[in-house]
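> Below is one structure. I have some questions about it.
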Amino acid sequence: MSAGLGGCAILASFALLAGCGAAEEQFEPWGTEDVITGAGGGSASGGWTDAADGSGGSGGGWPSGKLGPPYPIVLAHGFFGFEDFAGAGYVSYFYNLKQTLAEGNEVVYTPSVDPFNSSTYRGAQLLARIEQILAETGHEKVNIIAHSQGGLDARVVAHERPDLVASVVTVATPHLGSKVADIALQLVAYERLQDVLDDLLNAIGAPLYDQIGNETSVFASLEQFSTPGIAEFNAKYTDAPGVFYASFGGRTDRAIGGSDCLALDPAPFVAQFDDGLDPVHPLLSLTETILDGGFGEAIPNDGLVRARDARWGNFWGCLPADHFDEIGQLFGQSPGEGNPWLYIDFYRAVIERLRQEGL
């Protein structure tokens, strides 16, 4: 029983990704003169206009006959994620981000997928949503910006349909797994207890999530995040030629980063936060301690994912943010005293960088 309770405590850290309230004021994104090169798709060759309604342009001369860049933005949520929590109309996983970006004439979608399942299952759902988005907008591709497990979902989509994806940018995605998942699975090793917890989460989640079905399972996600599970996933879902991949890690508990956060091509808008130190959220203090290596060793992590495990494609550096701060949770609150992190500015700047590349 104690092992089961310990597992539940760790699972709770994964599950607390909801919030409500007003976001802090965010400022304009930082400009940068450099343009990334070598990205899938290269520079835009089809005609397009900077339409106020975000509809893009005519895509004249685009080989597919569909609209070219700038492509719509898809924000892919992580474990226990949602678009509209319990139909509240104002509570979203990426807190207040969709609305704020839309005010800047960006076309942004926040499709919801099963909050508790493997990325093979969730990725198929995300692909179906993206096909609907492209049918609605007339564009050829989308840019996916994903948090946590959403990055694995996005990689599934890009692997299966690279013709529909221009870029995959991930934030704190456990590309190399999570030690927290390994421990959680060890603590909750009894199959009957796993079934009970699955049933419990379904009972709690069903009134909140329309997408929950009989096949949902928190353990399908945890098994995928485990060391053997992620090895199998990475072998199956390899990167697709022509799709640009970039990633960010997170660092909290006032960690400065170190070698795990070094980037060959650091994003200037992340480098501006190099001196920022983030106090870990109390809800993540247990898992952060598990991940940081204990006394005598400090492994940068965001409370759920180590920076070294979040590196994929072009690594653009570490954010001074825990797993909640990265998406403006909980409740749109401050990231902590003395931390200059502004999450909406960050996502604006990521999109600006993609636009500079012609995506």
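> For region 55-106, which residues satisfy the criterion of being open to solvent by 50 Å² or more (accessible area, probe 1.4 Å), outside any loop (DSSP other than H, G, I, E, B) and either of a type in the set (D, E, K, R) or modelled with pLDDT of 90 or more (or both)?
Once the filter is applied, which keeps residues that are open to solvent by 50 Å² or more (accessible area, probe 1.4 Å), outside any loop (DSSP other than H, G, I, E, B) and either of a type in the set (D, E, K, R) or modelled with pLDDT of 90 or more (or both), region 55-106 yields 98, 103.
> I'd like the residue in region 245-256 that is open to solvent by 10 Å² or more (accessible area, probe 1.4 Å) and in contact with a helix residue (DSSP H, G or I) (Cβ under 9 Å, 6 or more places away or on another chain) and, out of all such residues, is modelled with the highest pLDDT.
245
> Could you list, in sequence order, all residues of region 115-144 that are within 23 Å of residue 351 (Cα to Cα) and in contact with a Phe, Trp or Tyr (Cβ under 7 Å, 6 or more places away or on another chain)?
133, 139, 140, 141, 142, 143
> I'd like to check something: does region 343-351 contain any residue that is open to solvent by 10 Å² or more (accessible area, probe 1.4 Å), closer than 24 Å to residue 99 by Cβ and either modelled with pLDDT under 90 or in contact with a helix residue (DSSP H, G or I) (Cβ under 6 Å, 6 or more places away or on another chain) (or both)?
yes
> Next up: Would you check if residue 330 is buried (at least 18 other Cβ atoms within 10 Å of the Cβ), at pLDDT below 85 and either among the hydrophobic types (A, V, I, L, M, F, W, C) or over 21 Å from the mean Cα position of the chain (by Cα) (or both)?
no
> Let me ask another. Can you name the condition, by its number, that residue 285 falls short on among (1) within 16 Å of the chain's Cα centre (by Cα); (2) open to solvent by 10 Å² or more (accessible area, probe 1.4 Å)?
Single failed check for residue 285: (1).
> Further question: Within the set of pairs 6+ apart or on separate chains, which have a first residue in region 92-114 that is in contact (Cβ under 8 Å) with a residue 40 or more places away in the chain, a second that is among the polar types (S, T, N, Q), and C-beta atoms under 6 Å apart?
Qualifying pairs under 6 Å: 95/329; 112/211; 113/125; 114/211; 114/216.
> Taking only region 153-185 into account, find how many residues are of a type in the set (A, V, I, L, M) and out of contact with any Lys or Arg (no Cβ under 8 Å at 6 or more places or on another chain).
Qualifying residue count, region 153-185: 11.
> Restrict the check to region 336-347 and report whether at least one residue is touching a Gly at 6+ places or on another chain (Cβ under 7 Å), of a type in the set (Asp, Glu) and at negative phi.
no
> Hey, could you check region 258-296 for residues that are part of a loop (DSSP other than H, G, I, E, B), of a type outside the set (Val, Ile, Thr) and touching an Asp or Glu at 6+ places or on another chain (Cβ under 8 Å) and say which is nearest to residue 347 (Cα to Cα)?
Here the residue is 278.
The values are calculated or read from the model by the stated rules, or taken from the named source; none is laboratory data. Because the structure is predicted, anything quoted here is derived from the model rather than measured. We place every Cβ from the backbone using ideal geometry, glycine too, and count neighbours over all the protein chains shown. When the accessible area is computed, the model is the full protein with side chains, heavy atoms only, and any ligands, DNA or RNA have been set aside. Shrake-Rupley method; radii C 1.70, N 1.55, O 1.52, S 1.80 Å.
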